[in-house]
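Nothing in this text is a laboratory measurement; each read-out follows from the coordinates by a stated rule. What you are looking at is a predicted structure, and each value in this text was computed from that prediction instead of being measured. Ideal geometry is used to build each Cβ from the backbone, glycine not excepted, and the neighbour counts take in all protein chains shown.
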């Protein structure tokens with residue numbers, strides 16, 4: 001069952017990749033070229049090409065349900081990523097960070113600045129600097145354009161085929177496809193060597209280590225996080241090697257590489273290391289609960305797991321409360337979260353979880369009060385606003401949910417999943433035209449501009465929309481159309497752009 005669904009997802013991803021790389025232009029991407037770094041990558045594979053490839057691989061992961069959409073976890077990984085990216089010395093590069101639902105220890109950089117981290121990797125880190133070290137390493141792969149340089153390493157390799165193979169490898173690795181499925185996907189990509197295309201060269205790895213350690217120190221993390229986590233990877237390499245094909249081992253380690261990273265970290269003097277954030281520990285607890293095997297009692301499973309952890313802290317109380325909620329015992333979670341909230345009133349995660357537990361326990365009035373207070377303390381905070389909107393929808397207050405989400409996303413760009421959520425809120429509130437327009441934004445963020453055009457046309461067709469709405473939808477529609485090649489436009493849109501009349505209308509021509 002899982003293999004067949006993966007094949008369908010992969011086939012769609014490969015087809016979309018071919019179409020995108022062959023001619024589409026991704027919405028919203030700047031056309032500036034990155035600085036020349038002494039390779040022909042810019043001449044053959046532009047940053048726009050890289051973005052299209054990366055976007056479609058991420059879309060394939062999202063369609064396969066492999067991206068962790070939890071708002072708190074998403075905000076955390078994006079916050080750490082942004083802190084590092086601000087020190088990466090490449091202002092023209094945009095990064096997007098996400099967590100993959102995979103218990104294995106891995107992280108990867110995709111073309112276009114998309115960086116994925118497996119849940120298993122985050123849970124395997126001993127501290128925040130180790131996690132940041134992995135992200136800094138992947139950021140370096142992007143800023144040094146290692147991915148583009150590997151894709152263009154063989155001039156005889158068609159870029160569409162190479163991009164499709166990259167998608168097959170990444171999607172296969174993160175969705176746990178069987179070897180037979182992976183072999184079929186690779187064969188479909190014309191049999192190019194997976195090892196050659198996905199693995200970075202040894203020099204690329206060492207370069208990413210060096211630059212990543214510098215980025216880590218500049219961002220206020222402990223530069224020893226890189227060699228420390230490499231040692232963790234080395235200890236687990238035997239287990240990983242038994243379950244993952246050799247060609248998917250994207251970060252080969254050696255004793256000399258670990259030693260060199262340790263030596264470079266020691267050279268980083270006068271580094272002002274910032275204290276580890278509480279958000280790191282809370283994100284780990286969320287992932288522990290989210291990773292609980294299906295069909296198990298999350299509370300019992302979590303308690304047994306935490307009992308093996310030597311160093312206990314109050315973040316485990318937070319995790320225990322989350323596990324109780326997952327085990328349909330929210331009334332038991334409420335007093336735990338109430339105590340944490342009273343003791344640490346400035347911790348957003350405690351208040352948000354308390355509001356969720358109260359709503360789940362049937363304490364609707366208390367839940368809405370908790371969230372209203374949280375929104376006052378943390379205005380336009382994404383997790384708080386999204387969780388508040390979820391509770392408002394359960395309480396039958398869809399219009400209020402739509403209002404607070406609209407205020408949020410007018411100021412903070414949403415993820416595709418969040419764009420789809422505000423579409424649901426708008427539709428439930430009876431704001432059908434806006435719901436269509438939000439779904440258009442969802443498709444834009446996912447890279448499907450043709451479907452976005454369709455949704456905007458549906459929004460314009462809704463009766464009695466206001467002049468302001470009409471003007472906004474028409475402006476957005478015109479903007480999106482400009483990024484879609486003529487041969488990819490719906491017939492109606494193509495006729496409008498080229499000035500052709502609809503068949504069967506207008507003046508009939510005679511011989």
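Length gain on complete extension for the stretch residue 432 to residue 369, per 0.36 nm per residue less the alpha carbon to alpha carbon distance? Present the calculation step by step, with values, prior to reporting the outcome.
Working: separation 63, 0.36 × 63 = 22.68 nm, distance 2.85 nm.
The residue 432-residue 369 span can extend by a further 19.8 nm.
Peptides 288-297, 408-417: what's the order by average Cβ count within 10 Å, highest mean first?
Put in order of decreasing packing, that is 408-417, 288-297.
So what is the relative contact order of region 292-365, in percent, for Cα pairs below 8 Å that sit 6 or more residues apart?
On the way: 63 pairs, mean separation 18.9, N = 74.
Computed value for region 292-365: 26 percent relative contact order.
Quickly rank 469-480, 375-386, 56-67, 350-361 as a protection proxy: mean count of other C-beta atoms within 10 Å, highest first.
Packing order, densest peptide first, comes out as 350-361, 56-67, 375-386, 469-480.
In whole angstrom, how far apart do the alpha carbon centroids of region 437-480 and region 93-124 sit?
When both Cα centres are located, 31 Å separates them.
Under Stokes-Einstein, with the Kirkwood radius over Cα pairs standing in for Rh, what whole-number D in µm²/s applies to region 278-344 at 4 °C and 1.567 mPa s? Let's see the in-between values first.
Details: Rh = 12.0 Å.
Answer from the Stokes-Einstein relation: 108 µm²/s.
Computed over the Cα atoms of region 56-112, what is the convex hull's projected area averaged over all directions, in nm²?
Result: a mean projected hull area of 4.5 nm².
Sorted by mean Cβ packing within 10 Å, highest first, what order do the peptides 133-140, 202-209 take?
Listed from highest to lowest mean packing, they are 133-140, 202-209.
Measuring from centroid to centroid over Cα atoms, what is the spacing of region 286-327 and region 357-374 in Å?
That distance is 22 Å.
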